[in-house]
Amino acid sequence: MANILIVDDQRIQRVVLEATLRHGSHTIFQADNGTNALIEYNKNQIDIVITDVLMPDMNGIELCFKIREINPDAKIIVISGGGVKTQGAADEYLKLGEKSGALKTFVKPVDPQDLLQTIQELID
């Protein structure tokens, strides 16, 4: 069981991810942008961060770098695809996610079993 922070400006995306992760008996925290995510990250003992890339205020790539400043060993998953027009653009965002320290990246929609397996691997 892990404390997981879901960061996405689209509420429906957060709800879907939360429903998936609750099957793994994880405790879920949510934030709708990078600034609020940093508040939640600092306030709670977060084990894993799952963040979208395209968000207002602070995007997911900036968030990854800021979390890495706080905790160089942070476990971060980056997801993208909902706000881009082409698969190629989503892939580019995911490459940026990897460069910013994400341990795993996913294209939306995320396969629930793949996500749960990745979470398990990160907490083991």
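Read the figures in this text as sums done on the coordinates, not as results from a lab. Keep in mind the model is a prediction, meaning the values are calculated, not measured. Positions of Cβ are backbone-derived with ideal geometry, glycine not excepted, and every protein chain shown enters the neighbour counts.
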What list do you get for T27, T105 if you sort them by fewest beta carbons within 10 Å? T27, T105
Under the classification rounded if a/c is under 1.5, otherwise prolate if a/b is larger than b/c and oblate if not, where does the range 12-55 fall, given a ≥ b ≥ c as square roots of the Cα gyration tensor eigenvalues? oblate
Out-of-range pairs (alpha-carbon distance over 20 Å; input K75/K99; K43/K95; K66/K108; K43/K75): K43/K95; K66/K108
Per-residue ellipticity at 222 nm for the chain, helices alone: DSSP H runs ≥ 4 residues times -39500 (n - 2.57), over residue total, nearest 500 deg cm²/dmol? -14500 deg cm²/dmol
For a quick check: sort V78, V7 by the number of other beta carbons within 10 angstrom, fewest at the front. V78, V7
Let me see the pair-distance distribution of the chain: every alpha carbon pair, 10 Å bin width, integer percents in order. 15, 52, 31, 2
